[in-house]
Structures are given as structure tokens and as C-alpha cells.
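The values are calculated or read from the model by the stated rules, or taken from the named source; none is laboratory data. Everything numeric in this text was worked out from a predicted model, so none of it was measured. As a convention, Cβ positions derive from the backbone with ideal geometry for all residues, glycine included, and neighbour counts pool all protein chains shown.
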Amino acid sequence: MATIQHDVIIIGGGLAGMRAAHEALTQGGDVAMISKIYPTRSHSAAAQGGMQAALTEEDSWESHAYDTVKGSDYLGDQDAIEILCREGVDDIIAMERMGVIFNRDESGKIDARAFGGTSAKRTCFVADQTGQALLHVMWEQLLRLGLKTYDEWFVTDLLVENNRCVGSVAMQISTGQLHLVRAKATVLCTGGAGHIYAPSTNGLAVTADGLGMAYRAGASLMDMEGVQHHPTTLKSNGVLITEGARGEGAYLLNSKGERFMENYAPNMLELASRDVVSRAETTEILEGRGVDGTVFIDLRHLGRELITTKLAQIYELARDYANCNVIEEPLPIQPGYHYLMGGIKTDVDGRTWDVSGNNKWKGVEALFAAGETANVSVHGGNRLGGNSLLDTVVFGRRTGAGAVEYAKSVDYGEISEASVKDTEARIKSLFDRPDGVRSATLRREMGAAMNDGIAVFRNEESMNIALQKVRALKEKLPEVSLHNSGRIFNTDLLAYFELENMMDVAEAIALSALSRKESRGAHARTDFPDRDDENWLKHTLATKGNSGPEISYLPVTITKWEPTVRSY
Amino acid sequence: MQANLKIQRYDPEVGEEPRYDSHQLDLPEYATVLDALLQIRDDVDGSLAMRASCRSAICGSCSMRINGEARLACKTLIANIVQVEGAEVTIEPMGNMPVVKDLVVDMSMFWDKVQKIQPGLLPKTPEPEREFIVSNDSMLDLATALNCIMCGACVSDCTVLEVDKEFIGPAALAKAYRFSNDPRDNATDLRLDLYSQENYIWSCTRCFQCVQVCPKDVAPMEKIMSLRKQTIEAGHTNNPGTRHTQAFADSIRKTGRLDEIRLTVKAFGITNITAMIQLIPIGWRAFRHKKMPHLLPKSISSIKNVRRIMDKLGNE
């Protein structure tokens, strides 16, 4: 049996995974990183607008934290938010020291731009490709440090013995060979759930793998109803147009040419929180002031020079995918699926289990998570733009350190080779299936159902329809057949495993959303339009039961900021 | 919109020679080559192997040869190709790298070469308490190299790599530029010494192919030329590349002609006995085919004008 073994195994090579690996490595840990795509291909590269932190003297981390708490609609855990905003300052400086070429102000210091829902200009940026700039620099440093990586390896399952994660099963994609992966600590940094929805701003590789595996292994998925629709995405293919465009001063216009945000967020206008702007756009479109399901973002007054330097990427994206020259004409956009606030419940050191021993939530010992796949709850009901990159580096770092520390205190767990044989048998049976339905067909139907039922606005009926549809599709999984029974680079097989992960997570999203009978952040119910702090100032937990997800609740941690009315 | 995709297929498990599959597709107006390939993979033939993720030209996964030229499938609109190059679109894997399956190539050589240029900023000491204070222009200059998404298109179509697998290649050297020009880096001199060695910056033949195919306007060749200038200015001149360049200029200044014999001898160094001995058979073959350059080339009649031009260029 082919086996690999490291004290700390990080699954996922995006910014959170790389930052965790960097920290684990610099602390002298025996660490390796497994990624199903080459690490620089990770979707962190697609983050455009920037990364928040209060770097200037006029600003403060407390102000950043308050904006984040308010943005979360008071669902974020304030102890975690304090860590994010306080430690994030040094983390940005550390990234600069590693080589990130942040845009500078006239004095040569790191420059910042305005972003939605923030009271100060504190979003540091590298033009409109900040994620790529961060990801590549982190990767350069990992090359320098000599991190052991298993690139283009796909993890099919986590291995759990006595509620402790002892490793995983992974397939080397280029050969199709399965390996037993032994680890004292396993860290999931596998990103979000992008293709549960269609359209989506996310890359094709973002398929809820870590979320699905952790859920099946017994971890809790928290606040899964928190699904963020980004206000500015292209209609043709769902590709993202950065919030940085509005940060630099772009307007949103309806079909009458009105800056409609005046009616929804008279103070912050286009720079209100994403949930607020997406709802405003959707209302405009539903009330007949859109064009073909879109409204417009207008950059013309920003001028050619600003657009071609600070917003160069979106200038190209609009030209290539919408045939629109944003220097001369407004660009049609619509809200589109972008980010999952929900994720695997962790503490502030990335641990998915309750170390106090009180079992306040269900978790899996030795299993860690960071980044979009985790929910340490800094985003709550709605994430502020510029806070996800910060989340990946702050909690990636803390989780890497936490995993190394934990690994020092334990031995390798007992692991059974039978699990690899089970996976092998599963693959063989998939190859032997008679001609049936394509996994892509089920994926598209799931994407449409989720987008129809649990989008910017939702209600009991729409969510129930989505849930029933997802469950019906899940029952069709045994009918999926493959076109390819070869072992070398079999992406048809991977698509099936990915679909299984997405279906489990889609069901958890639908049930969590149905359970929360109020509106909070991005969870906007037309049948319960108000926030209800008395009954719902609590997290939703979805865990795997015998017949699907079971829902329970956990209190929100409040330190400094009591919930008040949220307006922009 | 109608298009006919002709896709190169190869499956090592079947072991046959590569073949071409044709697919007649009806596509939306703004369909990219990637959209077309995904349609085929999703619904028609799931055995088609390829890499793709972001769909917006930032992850660098989906480079492949489209009508013979390395491009990103997600950035290439079918309509644009069909308009200019005809309704049949030929899709093949990238060049200069071994094919794993269908459109997937083994990029390990590519990544190994990036590793060789010694990536990773080594910050100047003593490190400042906060960020380094540097000009925005110096960061923007690096951005032209950092725009590289490591897609491999330049390496695929590099004409030097076609004949010399040891060449570090355009992508890795564009990254090299990013380090040796970073005002915060502490190892510039060591880097320039490394980059001026054999197989690095002096192996480029300036064919412009990497500039032509790069989907992110990195212009690797310009970065390589800039590195050459930088290494010479920093005094890293004791290498065949620099000597070749110097001998080239000397020869033109002296006679207005290329004195190939002296050029070769100077580039390798007259004291480099091994290289001198290796040159003998080449010289003999040239002599036999009456291609031996003149031992004492005469100056061209307008040599003064040539020198005047060179003086002017030298002053700039």
C-alpha cells in the first residue's frame, strides 16, 4: 500500500493553505501540502480588490472591527473579529516583507482604497489583482523554504477513528494511484462551495470538497445559510467585477440612468455592504428598472488613466467577456454567487473540535480548517469586501501554528488500510456502471435550483423547492455514469467526487437557511423581513444525521458591540 | 454561432499515436474556446482531459495551442478566431513539454526552472519596523513581471527551448527580473551572478515569440534584455554571453562587419582550451564547404558612419 506520512498535512494550496504551511514550516514542523490543482491555480488568485487592515495612524483596528461586526449583522463572533483586525495589521506587514508589491502612496507607504461598508480607506491593494499578487509571493516563499507539496493530488475522504482524524485517502491525478495519507494533524484549506450555484464568480475547482468531507467525518457546518451574492458580476459567465471599481468611485445606475443607491443607502451609496447593494440591485431589476436582468456599473467619469492602471484587469474582463469598453460605456452587471460565509466551525486556532471538552459543538479531533472552508465566524451574516484575504492570512497563520503545536502532543493514530481498498472498490464500481446520467447535468440542475430558491431574496416556499430539488438530484447520484474508466488524469471521476461533496453541502445550506426564521445579513427572507435578536442572535450548526443534516444552535460571542439597528 | 473544433487526443493507457477528434458545435455569441471545451467534456465526451479553473485569465491553468499558437482557452473568444482564421479551430496541447493526456502536459520542468532562479524575496537588513518605504513606480515596474500567471504559454512556444532543453526559459527569467529589480531585496548581486551563467539570460535569441504569445503582456524577452543590461552594468561580465556581446560590438566598430572567427574565440575565451579544441572540427567543416569566414575582414566603405552611429547610441 502506497503511504505518505507527515505530522501536519494541509489539504488545499490557496492562500490559507499556503499561509498555514508557511507558519508550520517556520516553526520547524514536519509539514506537507496536498492540492488538487497546482497551488498557483487556486482561486485566491482571483481576489481582485484588496485586503483590509487599519495601517494608518488616523485609523484603528477597533474601527475596522466595528465595521466588520456591523457588516456581519452582529452574527460574527466578536472575539475572532478582534483577532482578525488587531493581528491583521502585522500580517499585512509580514506579507509586504515577503515581497508583495502593494500599491504605494506618495510617501512610499502602503496605499489604501475605499471599500464597501467601511468607515475608512483601509483596503490595501495591488491594482485589481491583489489575490494573485499575494498568492504568488507566498508561493515563492514556500519554494524558497522547500515545502514538500503533493500537487494535483485529490483527497477523496478523511479517515476518522474514535472521532479523531488520523489521515486521509488521496489520489495522484496524473497516475490515478490511491495513497494512504497519515497525519497527526489534518488541516482543511479547500476554499468555498462555488459551483453549488450557477452562475458563480468562482473557479471551476471550487467544489466544496473540504466542506463535504468534514461534514461526512462528523464536523459541524456553521451558518451555512450565509451565502454572499456579489453585487457586480458579468451576466455572460458570472465573472467578478471588483468592488474596487466602486471603491475608486464608480456609480451604479438603473435603466433610467438613476444612481438608485440613493434610495437604499443614502450615506454610503454604492459603498454600502454587499448584501445591501445586492438587494437594492435585485429590487431595481424586479421592479422593472433593469435591462435584461441587469443594472449598470458606470466607470466613465473615472477616466482612462485610472481605469487602465488601477482597474486594468476588469477593463480587460469587460472587453473580453461583455464586449464593453468601460472607459466609454456603462457595463451591465448583476448580483451573482460569490462567497460562503458559512463553513466548518472552528475556534480561533483553527480547531474543529471543542478543546474545552464540554462538547458545545460536534467536531473531529486533530482536524483543523482555515480560510473560506472554515467558519471561525469573522464574517457572520455578511462578509465585508477585503476581509476574506485577511481571514486567509490571519487564521491560516494561526491554524498552521495550532496544528504544529497539536501534532507535538500526540502520536500517529491507528489507521486501517481497508479505507483505501474501500475507495478503490468504489472507483471500480463507478467504472462498471451502465450508461446513465452525466454528473454535469446534475451539477447544472443543482446550480439552477439553488440560484432560484436561495439567492439574494428567499422564503419558505422558494427554499423548500430548492431543498426538494437537491434531494431529488442526490437520489440520482447512483445513476451517474462515467465516460472514462482510465486512471491517468481522469477528470470525469473527479467531477463525480466533487459533485458528491457539493450535494451534501447544498443540502446543508438549504436546511440551515430554512431553519433561520428571520432576515440577517445576506439571509434575506421575504416572509421574515426583520432581524430578530431575541430569538435568532445565534449560530446555526448543521451536522450529519442518519437521514441528512441535523440542525442545532450555538450562542454568538459578543465582546464590545451590542447589536443595534444596521443602516448605511 | 457555428464552429468546428478539431482536438488532439492522446491516451497513454491506450498507447496509440495522437489522433484528432472533430466536434461541430453551436455556441453562444461570447463563447470562449474554454466554454466550447467544457461543453464537450460535460456532455459529449467526458474522457477529454484538460486543466481549467478561474475562467477569467488569472489562474493560468488552461493554456493550450489554439490554431498552432499557445493561448489561454478562457481568454480566446471563438468568434474572434473564426472571423480571422476560419471556422475550424484546432486545439492541441502546449509544446516543449511532454503530454500526459489529451491537452494536459507535464509542467514539472517548468516549475523546476522557476525554482532554479531562486525565488523568494530576501529582505534587506536591518528590516524596517513597518513596511519598506519604496516608490509606487518601483512597485509598478515589478508588477509588469508579477502579472505573469505561470500559464506556460511562453515556454510552450519558445524557439530556444525547442532545441535546448537546458534553457531556463522566458517565464522563469521574467520572475528573475522581479527579484533582481526589487528595491527591497538583499541578494541582487548573487542573483545577477546566477542569471548571467550559462542557460540563463544569454541563451535567448530575441525571437519575440514569448512577447507575442503572453496573455498577460509580461513581455518576458524585454525582461531578459533588461537583465542583460543590468548584469553588465553590475560588472558580471566574465561569461560567454557578455563577451559575445562585447566582441560583436567591437567587430562592428572595427570593420562594420561581423568577424565570426574573432567573435567565437572571444566569446569562449582564448584560454578556454577545451572550447578551442571543440571549435576545430566546426572550422574544418566550414572550410570544406567554403564557408570559412575571412581571416582579416576588410572594413566597409562607410565605416565612419557606422562608428558615428555607435558613438551616438553609446552616449544614450
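Could we say that B:Gln230 is of a type in the set (S, T, N, Q), modelled with pLDDT under 90 and part of a helix (DSSP H, G or I) here? No. Selection of the stretch A:525-541 for residues being in a strand (DSSP E or B) and surrounded by fewer than 23 Cβ atoms within 10 Å (Cβ to Cβ) yields A:Arg525, A:Lys538.
Across the stretch A:477-486, the number of residues qualifying as over 13 Å from A:Ile427 (Cα atoms) and either of a type in the set (S, T, N, Q) or within 27 Å of the chain's Cα centre (by Cα) (or both) comes to 1.
Give the residue that is farthest from the other protein chains (Cβ to nearest Cβ), with candidates limited to residues of the stretch A:93-128 that are free of Cβ contacts under 8 Å to residues at least 60 places away in the same chain and hydroxyl-bearing (Ser, Thr, Tyr). That would be A:Ser119.
Here A:Leu204 meets each of (1) within 14 Å of chain B (Cβ to nearest Cβ); (2) touching a residue at least 60 places away in the same chain (Cβ under 8 Å); (3) buried (at least 22 other Cβ atoms within 10 Å of the Cβ) with one exception, condition (2).
Of the residues A:Leu178, A:Leu188, only one is surrounded by fewer than 24 Cβ atoms within 10 Å (Cβ to Cβ), in contact (Cβ under 8 Å) with a residue 60 or more places away in the chain, within 21 Å of A:Val31 (Cα to Cα) and in contact with a helix residue (DSSP H, G or I) (Cβ under 7 Å, 6 or more places away or on another chain); which? The match here is A:Leu178. What residue, among those in the stretch B:280-305 that are aliphatic (A, V, I, L, M) and assigned to a helix (DSSP H, G or I), is surrounded by the most Cβ atoms within 10 Å (Cβ to Cβ)? The qualifying residue surrounded by the most Cβ atoms within 10 Å (Cβ to Cβ) is B:Ile303.
Every condition in (1) more than 14 Å from every other protein chain (Cβ to nearest Cβ); (2) surrounded by fewer than 18 Cβ atoms within 10 Å (Cβ to Cβ) holds for A:Val437 except the one numbered (1). When B:Ile58, B:Ile81, B:Ile66 are screened for being buried (at least 22 other Cβ atoms within 10 Å of the Cβ) and out of contact with any Pro (no Cβ under 8 Å at 6 or more places or on another chain), only B:Ile58 passes. In this structure, does B:Ile282 turn out to be in contact (Cβ under 8 Å) with a residue 24 or more places away in the chain and touching a helix residue (DSSP H, G or I) at 6+ places or on another chain (Cβ under 9 Å)? No, not satisfied.
Please determine whether any residue of the stretch B:249-262 is in contact (Cβ under 8 Å) with a residue 12 or more places away in the chain, under 21 Å from B:Ile280 (Cα atoms), out of contact with any Ser or Thr (no Cβ under 9 Å at 6 or more places or on another chain) and not aliphatic (A, V, I, L, M). No, the stretch B:249-262 contains no residue that is in contact (Cβ under 8 Å) with a residue 12 or more places away in the chain, under 21 Å from B:Ile280 (Cα atoms), out of contact with any Ser or Thr (no Cβ under 9 Å at 6 or more places or on another chain) and not aliphatic (A, V, I, L, M).
Residue-wise test of (1) of a type outside the set (Phe, Trp, Tyr); (2) at pLDDT 90 or above; (3) in contact with a Pro (Cβ under 9 Å, 6 or more places away or on another chain); (4) surrounded by 15 or more Cβ atoms within 10 Å (Cβ to Cβ).
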site	(1), (2), (3), (4)
B:Gly235	yes, yes, no, no
B:Asn238	yes, no, no, no
B:Ser251	yes, yes, yes, yes
B:Thr255	yes, yes, yes, yes
B:Lys266	yes, no, no, yes
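Applying the condition of being more than 14 Å from chain B (Cβ to nearest Cβ) and surrounded by 18 or more Cβ atoms within 10 Å (Cβ to Cβ) to the stretch A:301-326 and asking which residue is farthest from the chain's Cα centre (by Cα) yields A:Leu302. Considering the stretch B:126-148, and only residues there that are within 15 Å of A:Glu106 (Cβ to Cβ) and either more than 7 Å from chain A (Cβ to nearest Cβ) or small (Gly, Ala, Ser) (or both), the residue that is nearest to the chain's Cα centre (by Cα) turns out to be B:Leu140. Being more than 28 Å from B:Tyr200 (Cβ to Cβ) and away from every other protein chain (no Cβ under 14 Å) is a condition met by no residue of the stretch B:32-42. Before we move on, is A:Thr423 touching a Cys at 6+ places or on another chain (Cβ under 9 Å), more than 14 Å from chain B (Cβ to nearest Cβ) and either in a helix (DSSP H, G or I) or free of Cβ contacts under 8 Å to residues at least 40 places away in the same chain (or both)? It is false that A:Thr423 is touching a Cys at 6+ places or on another chain (Cβ under 9 Å), more than 14 Å from chain B (Cβ to nearest Cβ) and either in a helix (DSSP H, G or I) or free of Cβ contacts under 8 Å to residues at least 40 places away in the same chain (or both).
One line per residue, one yes/no per condition, for (1) more than 13 Å from chain B (Cβ to nearest Cβ); (2) surrounded by 24 or more Cβ atoms within 10 Å (Cβ to Cβ):
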residue	(1), (2)
A:Ala24	yes, yes
A:Gly29	yes, no
A:Thr40	no, yes
A:Ala45	no, yes
A:Gly50	yes, yes
A:Ala53	no, yes
A:Glu57	no, no
A:Glu62	yes, no
A:Gly71	yes, yes
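One line per residue, one yes/no per condition, for (1) facing chain A (nearest Cβ under 9 Å); (2) of a type in the set (Asp, Glu); (3) farther than 26 Å from A:Arg438 by Cβ; (4) not in a strand (DSSP E or B):
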{"position": "B:Ser22", "(1), (2), (3), (4)": "no, no, no, no"}
{"position": "B:Arg65", "(1), (2), (3), (4)": "no, no, yes, no"}
{"position": "B:Ile81", "(1), (2), (3), (4)": "no, no, yes, yes"}
{"position": "B:Gln115", "(1), (2), (3), (4)": "yes, no, yes, yes"}
{"position": "B:Gly120", "(1), (2), (3), (4)": "yes, no, yes, yes"}
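For the stretch B:95-140, taking the residues that are surrounded by 14 or more Cβ atoms within 10 Å (Cβ to Cβ) and of a type in the set (Gly, Ala, Ser), the one that is nearest to A:Thr175 (Cα to Cα) is identified as B:Gly95. Annotation: of all residues in the stretch A:399-420 being part of a helix (DSSP H, G or I) and of a type in the set (S, T, N, Q), the one that is farthest from A:Arg471 (Cα to Cα) is A:Thr399.
Any residue at all in the stretch B:121-138 that's closer than 22 Å to A:Thr40 by Cβ and either free of Cβ contacts under 8 Å to residues at least 60 places away in the same chain or in the same structural domain as B:Met50 (by TED's automatic domain parsing) (or both)? Looking for residues that are closer than 22 Å to A:Thr40 by Cβ and either free of Cβ contacts under 8 Å to residues at least 60 places away in the same chain or in the same structural domain as B:Met50 (by TED's automatic domain parsing) (or both), one finds none in the stretch B:121-138, hence no.
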